[in-house]
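Colleague: Right, I'll just put the structure down here and ask away after.
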Amino acid sequence: MTAINPLVGIAASALTAFTSYFVAKYLSGKFATLGISGVDVHKPERPVTAEMGGLAVLFGLAVGSATFLVAAFPQDGTFLAFIAGASTAGLVGLVGVVDDLFDVKQRYKPFMIVAATIPLMLFLWSRGSVYIPVIGYVEVGLLYPLVAVPLAVTTSANFTNMLAGFNGLEAGMAVISLGTLALLSAATGYSTVAMLGVILTVAYFGFLVLNWYPARIFPGDTGTLTAGAAVAVIGLLSKLEFVAVVLSIPAAMDFTLKAFRKRPFGGRKLHGDAAVEPDGTLKPAEYPTLVHAFMKVSPIKERGLVLSILAMQALFALVATIVTLGFL
Amino acid sequence: MQTARNSGAGGKGLFKHVLLVFLSLVPFGVSTVVALTTWELLEALAPTSRLTVVVMSWIVAFAVATRGFWKAVEMMTPW
């Protein structure tokens, strides 16, 4: 286990949060004038808001990572884990940038994300087992780097990309998930990976300040794909695959509700988005999704909906933490 | 002006949303129990095959339980 100087950790985290916040603030004005923007469809007045704010998170990640590596270059080789993880999360973020700017076809995206996982696959090449609480270590050989790693990153990135579209939802979920993974990585002895988790958490937190209701900037695919990939990356690097799976359950439920239908994923095309009443109450479209579940059972506004889903995410974070610490 | 929506329905609405948050644990719990049972039953299989079958059983159980979650949502829907 590498001991990290707390001052270096605090400095890297602070620089990350400031970079992410101020870049997001700059982009919220700049992108709106450049036309890199979208309509906030869940408000009665339908304001036009800047898109692709995930770019601010990527800037934060770059500044935080550089600060950490220059100030506290880990001497025991764990820096390779940090670099492999940061590279993979960053490259998936760049896939998101390309998607935001050029609207890449859905069928090409998974292949681009798999290509972005190559640094992580190479770093984890010699790992051949997966740890599952209760069951223990299961040997899977080369299936781990060749199948489990790209599949985990691609699945997590796409899950996060689907459970999205409300102010503060994606960034809030990223803060909870990555914060939990950082905490558990530190508790299980992966302090360098934990530092990467902290940097990513504060990068999303800095962005969340401007993305929270009423949002001044949206994360775009850049922000959502990076968040999902980062969850998988930290989970894989610190052998917390189970935690990453548990943290993905709300998004997995949303995916399952959309997938197992007569027309899988065709609900939005057929029925459109949720409608907004003049007082801001959301009316669900007639197809099953996780957000529509909350809208159906009782009237709810955007802010309340986001808080409900974040509470759900926090509940799963608690479950993952109890199970992990219970099996330490 | 007070409406039915904001007069007394707030508390009940909050209860339903909190209930839904905790109800979301059910698909995960059910699928995990199914997966662990499958793991115990397939002791004779090689580790990779055993894990593959367990993952498949987890996915199927999760999908079925998530459909059950949606049925519960429809039962809680007031209209």
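The values are calculated or read from the model by the stated rules, or taken from the named source; none is laboratory data. Bear in mind the structure is a predicted one, so any value in this text is a computation, not a measurement. Quick reminder, even Gly has a Cβ in these numbers, built from the backbone with ideal geometry, and neighbours come from all protein chains shown.
Colleague: Could you check, for the stretch A:285-297, whether at least one of its residues is surrounded by fewer than 21 Cβ atoms within 10 Å (Cβ to Cβ), touching a strand residue (DSSP E or B) at 6+ places or on another chain (Cβ under 9 Å) and over 28 Å from A:Val147 (Cα atoms)? Please lay out each step first, then the result.
Modeller: Residues of the stretch A:285-297 surrounded by fewer than 21 Cβ atoms within 10 Å (Cβ to Cβ): A:285-287.
Those left that are additionally touching a strand residue (DSSP E or B) at 6+ places or on another chain (Cβ under 9 Å): A:285.
Next cut, over 28 Å from A:Val147 (Cα atoms) only: A:285.
Checked the stretch A:285-297: at least one residue is surrounded by fewer than 21 Cβ atoms within 10 Å (Cβ to Cβ), touching a strand residue (DSSP E or B) at 6+ places or on another chain (Cβ under 9 Å) and over 28 Å from A:Val147 (Cα atoms).
Colleague: I've got another one for you. Please state which one of A:Leu328, A:Leu318, A:Leu257 is on the phi < 0 side of the Ramachandran plot, out of contact with any Pro (no Cβ under 9 Å at 6 or more places or on another chain) and touching a residue at least 12 places away in the same chain (Cβ under 8 Å). Steps first, please.
Modeller: On the way: A:Leu318 fails: touching a residue at least 12 places away in the same chain (Cβ under 8 Å); A:Leu257 fails: out of contact with any Pro (no Cβ under 9 Å at 6 or more places or on another chain).
Of A:Leu328, A:Leu318, A:Leu257, the one residue that is on the phi < 0 side of the Ramachandran plot, out of contact with any Pro (no Cβ under 9 Å at 6 or more places or on another chain) and touching a residue at least 12 places away in the same chain (Cβ under 8 Å) is A:Leu328.
Colleague: Is it the case that some residue within the stretch A:114-131 is in contact with a strand residue (DSSP E or B) (Cβ under 9 Å, 6 or more places away or on another chain) and exposed (fewer than 15 other Cβ atoms within 10 Å of the Cβ)? Steps first, answer last, please.
Modeller: So the first thing to find is which residues in the stretch A:114-131 are in contact with a strand residue (DSSP E or B) (Cβ under 9 Å, 6 or more places away or on another chain), and the list is A:128-131.
When the remaining residues are screened for being exposed (fewer than 15 other Cβ atoms within 10 Å of the Cβ), the result is A:129, A:131.
Yes, the stretch A:114-131 contains at least one residue that is in contact with a strand residue (DSSP E or B) (Cβ under 9 Å, 6 or more places away or on another chain) and exposed (fewer than 15 other Cβ atoms within 10 Å of the Cβ).
Colleague: Look at B:Thr48 and say whether it is assigned to a helix (DSSP H, G or I), surrounded by 19 or more Cβ atoms within 10 Å (Cβ to Cβ), of a type in the set (S, T, N, Q) and at the interface with another protein chain (Cβ under 8 Å from one of its Cβ atoms).
Modeller: Numbers: assigned to a helix (DSSP H, G or I): yes; surrounded by 19 or more Cβ atoms within 10 Å (Cβ to Cβ): no; of a type in the set (S, T, N, Q): yes; at the interface with another protein chain (Cβ under 8 Å from one of its Cβ atoms): yes.
Against the criterion (assigned to a helix (DSSP H, G or I), surrounded by 19 or more Cβ atoms within 10 Å (Cβ to Cβ), of a type in the set (S, T, N, Q) and at the interface with another protein chain (Cβ under 8 Å from one of its Cβ atoms)), B:Thr48 does not qualify.
Colleague: Here is a further query. Any residue that is farther than 14 Å from A:Ala232 by Cβ and in a strand (DSSP E or B) - is there at least one of those in the stretch A:154-166? Step through it out loud before you land on a result.
Modeller: Here is the first cut: in the stretch A:154-166, the residues farther than 14 Å from A:Ala232 by Cβ are A:162-166.
Of the ones still in play, those that are also in a strand (DSSP E or B) are none.
No: zero hits.
Colleague: Answer yes if at least one residue in the stretch B:33-45 is at the interface with chain A (Cβ under 9 Å from one of its Cβ atoms) and among the hydroxyl-bearing types (Ser, Thr, Tyr), and no otherwise.
Modeller: No - not one qualifying residue is present in the stretch B:33-45.
Yes or no, residue by residue, for (1) among the small types (Gly, Ala, Ser); (2) surrounded by 24 or more Cβ atoms within 10 Å (Cβ to Cβ):
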site: A:Ile199; (1), (2): no, yes
site: A:Thr224; (1), (2): no, yes
site: A:Leu237; (1), (2): no, yes
site: A:Ala259; (1), (2): yes, no
site: A:Phe265; (1), (2): no, no
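Colleague: On to the next question. State all residues of the stretch A:76-98 that are more than 16 Å from the chain's Cα centre (by Cα) and either in contact (Cβ under 8 Å) with a residue 24 or more places away in the chain or surrounded by 22 or more Cβ atoms within 10 Å (Cβ to Cβ) (or both); if no residue qualifies, say none. Let's see the steps before the verdict.
Modeller: Of the stretch A:76-98, the ones more than 16 Å from the chain's Cα centre (by Cα) are A:76-84, A:98.
Those that are more than 16 Å from the chain's Cα centre (by Cα) and either in contact (Cβ under 8 Å) with a residue 24 or more places away in the chain or surrounded by 22 or more Cβ atoms within 10 Å (Cβ to Cβ) (or both): A:Asp76, A:Thr78, A:Phe79, A:Leu80, A:Ala81, A:Phe82, A:Ile83, A:Ala84.
Colleague: For A:Tyr108, all conditions in the list (1) away from every other protein chain (no Cβ under 14 Å); (2) buried (at least 18 other Cβ atoms within 10 Å of the Cβ); (3) among the hydroxyl-bearing types (Ser, Thr, Tyr) hold save one; what is the number of the exception?
Modeller: With respect to (1) away from every other protein chain (no Cβ under 14 Å); (2) buried (at least 18 other Cβ atoms within 10 Å of the Cβ); (3) among the hydroxyl-bearing types (Ser, Thr, Tyr), A:Tyr108 is out only on (2).
Colleague: Got a sec? Which of A:Leu325, A:Leu318 is in a helix (DSSP H, G or I), modelled with pLDDT under 95 and either more than 9 Å from every other protein chain (Cβ to nearest Cβ) or in contact with a Leu (Cβ under 7 Å, 6 or more places away or on another chain) (or both)?
Modeller: Working: A:Leu318 fails: modelled with pLDDT under 95.
Criteria check complete, one pass: A:Leu325.
Colleague: Now for a different question. Taking the stretch A:274-315 as the search range and keeping residues that are within 9 Å of chain B (Cβ to nearest Cβ) and farther than 19 Å from B:Val21 by Cβ, which one is nearest to the chain's Cα centre (by Cα)?
Modeller: Only one residue tops the list, namely A:Thr281.
Colleague: Can you report the number of residues in the stretch B:20-45 which are exposed (fewer than 14 other Cβ atoms within 10 Å of the Cβ) and more than 12 Å from the chain's Cα centre (by Cα)? I'd like the intermediate steps shown before the answer.
Modeller: At the first step, the residues of the stretch B:20-45 found to be exposed (fewer than 14 other Cβ atoms within 10 Å of the Cβ) are B:22, B:29, B:33, B:37, B:40-41, B:43-44.
Pick out the ones that are also more than 12 Å from the chain's Cα centre (by Cα) and you get B:33, B:37, B:40-41, B:43-44.
Going through the stretch B:20-45 one residue at a time, the tally reaches 6.
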